[in-house]
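Quick notes on the structure that follows.
Bear in mind that the values in this text are calculations on the coordinates, not laboratory data. On a predicted model such as this, the values are computed, not experimentally measured, just so you know. Backbone-built Cβ (ideal geometry, glycine too); neighbour counts: all protein chains shown.
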Amino acid sequence: MKYDVAAYIWPAYTGDEPRTRMFWPEGKGEWQTVLSAQAKFPGHEWPRRPLWGCQNEADPAVMQMQIDQALAHGVNVFIYDWYWYDRRPFLENCLNDGFLKAHNCHDMKFYLMWANHDAVTLWDKRISSDVDTVIWQGAQPREEFERAMKHMIENYFVQPNYYTIDGKPVLMIYDVPNLVRGLGGFEQTKEAIGWLRQACVQAGLKGVHLQFTMWSDRTTNLSGVDRGRDVPAARFSSLGFDSATHYQYVHFTDIDRSYADVLPDVMAEWKRLDETLDVPYFAHVSLGWDNNPRFTSFRPGILRDCTPENIERALRMARTYADAHPDQPPLITINSWNEWTESSYLLPDDLHGYGYLQAVRRVFMEEPL
């Protein structure tokens, strides 16, 4: 493939990790939330159900099938959401036991996005409206930062199918302000990043490629986990980051409207970042937004008309952006492979069937390159 089409993975669709039972006591991970979702108003496009069923994504046979389907439709990189809470990893089973043990995993590249936001009650639907109660802190002091990074280096960065840019393993940081808070400030963060680069070299790697998750100061906390952005994004290059992309449209524009109406804002944001950042920006496509499945009452903020046709328009925009930047890797990020509870997924469902995956294939595999 000419393009690296990378889809985020939310690794919560398994009950194999005991600590997940505090959020999803039925023992099947966040499938519990998906299966309990109901429409909140007439015309609300929920409940949706997966055509492949509620699969345990920590099962290597399941991930073998999903890898085959991803590659057949033009997705050749997975970006795993990765967590470090209470001095140890959280939600690693889907990556460790599912993806990495699948017989065909080396046909697929992967990298990590450290989702270093606070863990709040959002994942427990019974009390999800109380998003101000923090269960685990996402900000980590230097000692914990080093422990987490050593874990990444030893277990993931050295994998032969770990995604690299210029030969360096890519690590995306979700909440850079929280990173700075945990490490004690900008200078301390620069020092910690310098330590990380050297630790990677000492492990036999060429270094590390750090990717910044872009936000907007105008963003409201629709997700339930995203708080104040008190570190201006314009200053991130001084920390030593190497590139940037987005995680969700909800982080930089008003999504409470039609998908077609959002696309001009997306294009304008890409153009703005291309002109203002001093590192490469990689185009991002979100498939939707509606996290009502996680709440018992109505949650405002729904991106409407997320049809395969509209998604295909966004994918074509991203391909055009990549083609216009031949000096940088042809990476495009997509939210996401399986974010069912935020209504942003490529996996086939009972609403659009295989429509989203077919759109990816048409844009990145079937059209002349």
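Numerical summary
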| quantity | calculated |
| --- | --- |
| Table column - 3J(HN,Hα) (Hz), segment 18-34, Karplus curve with 6.51, -1.76, 1.60, x for Gly and Pro | x, 5, 6, 5, 5, 9, 10, x, 6, x, 10, x, 6, 4, 4, 6, 4 |
| Cα-based Lys pair tally, the chain, threshold under 19 Å, eight or more apart or on separate chains | 12 |
| Gyration tensor (alpha-carbon) shape descriptor, segment 1-153, a/c threshold 1.5 | oblate |
| Amide H partners (placed H, <5 Å) of residue 285, local residues excluded | 333, 334, 335 |
| Cα centre as origin, Lys/Arg/Asp/Glu Cβ charges: segment 95-141 dipole, Debye | 180 debye |
| Proxy reagent accessibility, fewest Cβ within 10 Å first, across 127, 255 | 127, 255 |
| Residue exposure sequence - 284, 73 - by fewest surrounding Cβ within 10 Å | 73, 284 |
| Cα-centre dipole for segment 4-366 with unit charges at Cβ (Lys and Arg positive, Asp and Glu negative), debye to 20 | 220 debye |
| For segment 12-61 versus segment 131-210, the gap between their alpha-carbon centres in whole angstrom | 30 Å |
| Fewest-first ranking of 170, 180, using other Cβ atoms within 10 Å as the exposure measure | 180, 170 |
| Three-way shape call for segment 110-181 based on the alpha-carbon gyration tensor, with the a/c threshold at 1.5 | prolate |
| Long-range amide H partners of residue 79 with built H, under 5 Å | 7, 8, 9, 111 |
| The chain shape via C-alpha gyration tensor axes, a/c threshold 1.5 | rounded |
| Length-normalised contact order for the chain - Cα pairs under 8 Å, 6+ apart - percent | 19 percent |
| Residue-averaged [θ]222 nm for the chain, counting only DSSP H segments that reach four residues, each worth -39500 (n - 2.57) | -8000 deg cm²/dmol |
| Amide hydrogen neighbours beyond the local backbone of residue 4, cut-off 5 Å, H modeled | 331, 332 |
| Pairwise label distance in nanometres, residue 143 with residue 159, each label 7 Å out on the Cα-Cβ vector | 3.0 nm |
